[in-house]
Amino acid sequence: MTRQQILTWIQRNGLFFALVLLVAIFSFASSRFLTLPNVTVILLQNAVIGLIVVPGAMLILCGLVDLSVGSVAVLAAVVFGQAMENGLGLPASLLFGLGVGMLWGAFNGYLIAINGFSPIIITLGGLAGARGLAEFITQGYTTYGYGPEFAFLGNGKLLGVPVPILLFLLVLAVGLHFWYRAPLGRHMIAIGGAKDTAAELGIPVKLVPFWLYVASGVASALGGLIVASQLDGAAVTIGTGMELEVLTAILLGGVSFTGGRGSLFGVFFGLLFVGVLSNGLIQINVSPYVEQVAIGAALCGAAALDMLYQRLERLQVPIDKEPIEPVTQGAGGGQ
């Protein structure tokens, strides 16, 4: 195998084997780690991030990013809480909460995908603006006590499986379909790899990212509502640091930050890797500061592999060519 083939194999499969090795180490260190209750805890702790990771990975595949997901999550939870406080009822309040996420995502998409604004600047503005708006609406007051029907969203079970995990798996299944089976997957790769060329081929280079931003806003709002359901309260602390957790799972999963290359399966393994690492270190009573260092080191390693991969891609490979025979002029050729 060539160096490039080896590195490609590592990028596609290395995280999976690293995850297996990590599970084996923690299983040996703690008898409680590889048990059904603890596996459920790991999935439950990462289900909300997983919901948001799917459209977030699609945006990065297109060469874009959404840094406002945590703030949109808290804004949706706060709007839901205010609607419940004012007696609008559960269905209408849920629609208000999800609607906030959809509108914010459409706003991001309009500015970034349609009008070409910088995705980092616009979504950083959203990170501050949406959370500031949530704090303005609540004035520091946390609404709570939404009833057992809403509590089911974050704490209920269907067929013995927690609802947040089922919602995450549903979103993941839809994402896998679009990523690998539908034309959208090829369109995202084309937009992230060479946007101008994609436009010449007739790919809707503005509409695809626009709708991905809408999906990211809705997923963020749903994540915020799930957390509010788990807490039975719409606190302004919801979603704090969520942007970093989402980006960590995506980049650790091998999606290139410049766009055009990545795997949703890799992102799923990246999400599990972070969840297993965090839970396993807690199981063996390691300081949480060490956990952050370990995740940071893993992310730096993934970034180094991505850079090395890009450099190897740019290497020129010599191609053996047949010697070109000199063209001789016939008897009738002019001098």
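The values are calculated or read from the model by the stated rules, or taken from the named source; none is laboratory data. Treat the numbers as computed from the prediction; the structure is a model and nothing was measured. Cβ coordinates were reconstructed from backbone atoms using ideal geometry, including for glycine residues, and neighbour counts include every protein chain displayed. Areas reflect the complete protein model, heavy atoms only, side chains present, ligands, DNA and RNA absent. Shrake-Rupley method; radii C 1.70, N 1.55, O 1.52, S 1.80 Å.
If T258 passes every condition in (1) out of contact with any helix residue (DSSP H, G or I) (no Cβ under 7 Å at 6 or more places or on another chain); (2) assigned to a helix (DSSP H, G or I) but one, which one does it miss?
Condition not satisfied by T258: (2).
Could you check, for the range 261-276, whether at least one of its residues is open to solvent by 40 Å² or more (accessible area, probe 1.4 Å) and within 30 Å of F136 (Cα to Cα)?
No, there is no match, as no residue in the range 261-276 is open to solvent by 40 Å² or more (accessible area, probe 1.4 Å) and within 30 Å of F136 (Cα to Cα).
Restrict the check to the range 68-78 and report whether at least one residue is closer than 28 Å to M188 by Cα, in a loop (DSSP other than H, G, I, E, B) and either modelled with pLDDT of 95 or more or open to solvent by less than 10 Å² (accessible area, probe 1.4 Å) (or both).
Among the residues of the range 68-78, at least one is closer than 28 Å to M188 by Cα, in a loop (DSSP other than H, G, I, E, B) and either modelled with pLDDT of 95 or more or open to solvent by less than 10 Å² (accessible area, probe 1.4 Å) (or both), which makes the answer yes.
Would you check which residues across the range 117-163 are among the aromatic types (F, W, Y) and within 27 Å of Q45 (Cβ to Cβ) and list them?
Listed by number, the residues that qualify are Y144, Y146, F150, F152.
Looking only at the range 196-229, how many residues end up being in contact (Cβ under 8 Å) with a residue 12 or more places away in the chain and either assigned to a loop (DSSP other than H, G, I, E, B) or surrounded by fewer than 17 Cβ atoms within 10 Å (Cβ to Cβ) (or both)?
Of the residues in that region, 5 qualify.
Report, by residue number, each residue of the range 100-116 that is small (G, A, S) and surrounded by fewer than 16 Cβ atoms within 10 Å (Cβ to Cβ).
Narrowing the range 100-116 to residues small (G, A, S): 101, 105-106, 109, 113, 116.
Once the filter is applied, which keeps residues that are small (G, A, S) and surrounded by fewer than 16 Cβ atoms within 10 Å (Cβ to Cβ), the range 100-116 yields only G116.
Has the range 245-253 got at least one residue that is in a loop (DSSP other than H, G, I, E, B) and closer than 26 Å to G126 by Cα?
Yes: the range 245-253 contains one or more residues that are in a loop (DSSP other than H, G, I, E, B) and closer than 26 Å to G126 by Cα.
Checking L312 against (1) modelled with pLDDT of 75 or more; (2) over 26 Å from R32 (Cβ atoms), which test does it fail?
Exception for L312: condition (1).
Does Q82 satisfy being in contact with a Phe, Trp or Tyr (Cβ under 9 Å, 6 or more places away or on another chain), modelled with pLDDT of 90 or more and open to solvent by 10 Å² or more (accessible area, probe 1.4 Å)?
For Q82, the condition - in contact with a Phe, Trp or Tyr (Cβ under 9 Å, 6 or more places away or on another chain), modelled with pLDDT of 90 or more and open to solvent by 10 Å² or more (accessible area, probe 1.4 Å) - is met.
Among (1) in contact (Cβ under 8 Å) with a residue 60 or more places away in the chain; (2) part of a helix (DSSP H, G or I), where does V39 come up short?
Single failed check for V39: (1).
Looking at A249, A294, which is the one that is open to solvent by less than 20 Å² (accessible area, probe 1.4 Å) and either at pLDDT 90 or above or in contact with a helix residue (DSSP H, G or I) (Cβ under 9 Å, 6 or more places away or on another chain) (or both)?
Values: A294 fails: open to solvent by less than 20 Å² (accessible area, probe 1.4 Å).
Exactly one residue qualifies, and that residue is A249.
Could you tell me which of the residues G154, G185, G175 is farther than 21 Å from C62 by Cβ and small (G, A, S)? Don't jump to the end; show me each part of the working.
Working: G185 fails: farther than 21 Å from C62 by Cβ; G175 fails: farther than 21 Å from C62 by Cβ.
After ruling out the rest, the residue left standing is G154.
Just need a number here: residues in the range 147-160 that are free of Cβ contacts under 8 Å to residues at least 40 places away in the same chain and loosely packed, with under 15 Cβ neighbours inside 10 Å. It would help to see each step written out before you state the result.
Going through the range 147-160, the residues free of Cβ contacts under 8 Å to residues at least 40 places away in the same chain turn out to be 148, 156-160.
The next check asks that each one be loosely packed, with under 15 Cβ neighbours inside 10 Å; those that pass are 148, 157-160.
The number of residues fulfilling the criteria is 5.
Is it true that H177 is assigned to a helix (DSSP H, G or I) and either in contact with an Asp or Glu (Cβ under 8 Å, 6 or more places away or on another chain) or surrounded by 15 or more Cβ atoms within 10 Å (Cβ to Cβ) (or both)?
No; evaluated as a whole, the condition is false for this residue.
Going residue by residue through the range 138-146, is there one that turns out to be aromatic (F, W, Y), outside any helix (DSSP H, G or I), out of contact with any Gly (no Cβ under 6 Å at 6 or more places or on another chain) and open to solvent by less than 30 Å² (accessible area, probe 1.4 Å)?
Let us first name the residues in the range 138-146 that are aromatic (F, W, Y), namely 141, 144, 146.
Next, from what is left, pick out any that are outside any helix (DSSP H, G or I): 141, 144, 146.
Filter again for out of contact with any Gly (no Cβ under 6 Å at 6 or more places or on another chain), leaving 141, 146.
Subsequent filtering for residues that are open to solvent by less than 30 Å² (accessible area, probe 1.4 Å) retains 146.
The answer is yes; a qualifying residue exists.
Collect the residues in the range 254-290 that are within 29 Å of F178 (Cβ to Cβ) and of a type in the set (F, W, Y), keeping them in residue-number order.
Hits for the range 254-290 are F257, F265, F268, F269, F273.
Out of all the residues in the range 117-128, which are surrounded by 15 or more Cβ atoms within 10 Å (Cβ to Cβ) and in a helix (DSSP H, G or I)?
P119, I122, T123, L124, G125, G126, L127
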